[in-house]
1. Using DSSP to define loop residues, name the trypsin sites (Lys or Arg not before Pro) in the stretch 1-110 whose beta-carbon has at most 16 other beta-carbon atoms within 10 Å.
2. Using alpha carbons only, how many angstrom separate the centre of the stretch 34-53 from the centre of the stretch 78-122?
3. log10 I(q)/I(0), Debye, Cα-only the chain, no solvent, q = 0.10, 0.19 Å⁻¹?
4. Can you give me the pair-distance distribution of the stretch 83-127, C-alpha pairs, 5 Å bins, whole percents?
5. Give, in nm to one decimal, the length gained when the segment between Leu108 and Lys131 is fully stretched (0.36 nm per residue of separation minus the Cα-Cα distance).
6. Under 18 Å from the 7 Å Cα→Cβ point of Glu93, by amide nitrogen: which residues of the stretch 112-137?
7. Under Stokes-Einstein, with the Kirkwood radius over Cα pairs standing in for Rh, what whole-number D in µm²/s applies to the stretch 31-130 at 4 °C and 1.567 mPa s?
Amino acid sequence: MDNKKRAKLIFSKLVQNYSSVPMLFLDYKTDAQMLCAIILSAQSTDAQVNKVTKKLFKKYKSVNDFSNANLKTFEQEIRSTGFYKQKAKRVIECFKIIKNVYGGKIPLKMDELIKLPGVGRKTANLVLANKGIIKGIAVDTHVARLAQRMGFTKFSEQFKIEKDLLNIFDKNKWSRVNGLFISHGRKICVARNPKCDICFLNKKNLCPRKGLN
Ligand code: SF4
């Protein structure tokens, strides 16, 4: 079976099994909070970020709030997300640029977003996909691992994996691939010892890895 056909079947199986998957697992109310949460989620879990932002976002809501944050205070407020010094600096710098260069509006173009501190292709893709602007596939560690195990890519670089996935999955499915792969990667196709024996993709012979732990 060719990869495109397999991708279609895998997608529909994932949708059946993870029907209520959100596009983003992070909690936020404003666009500024969404961008902040995505930056904080680097090297951290969404659950940990949500724990921190529950309190943080009562204080910081707008581009102004984040750009005016006191570095030392902010560092402590996000400390438990890890790499807090670097992240605090990036978040504040990022929002200062949004305020001063983009008139307080988050730029919604890939080439502008990736120039912001703390914003790489993955973050930019998540922001744009969430805003319904572009339909890309944000490649994080789960997406990369599953794409490799499913035989959709032989690469390890994010942008190359993304390119392969964009070629294989239909355009109208791109915005959901990240969430579905993350769900499957957390529950069954986990990093160490994937549970191939109970995997519904394995049962349908859709994954070439098939129990080869
Ligand atoms: S069969 Fe195994 S490697 Fe393939 S998707 Fe399922 S758990 Fe992951």
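A short reminder: the numbers here are calculations on the coordinates, not readings from a lab. For clarity, every value in this text was computed on a predicted model and none was experimentally measured. Don't worry about glycine lacking a Cβ; one is built from the backbone with ideal geometry, like all the others, and counts go over all protein chains shown.
1. Taking the stretch 1-110 and a limit of 16 other Cβ atoms within 10 Å, the loop trypsin sites (Lys or Arg not before Pro) found are Lys29, Lys61, Lys105, Lys109.
2. One Cα centre to the other: 13 Å.
3. -0.46, -1.31
4. Binned Cα distances yield the sequence 5, 25, 30, 26, 12, 2.
5. The Leu108-Lys131 span can extend by a further 7.4 nm.
6. 112-124
7. The calculation lands on 98 µm²/s.
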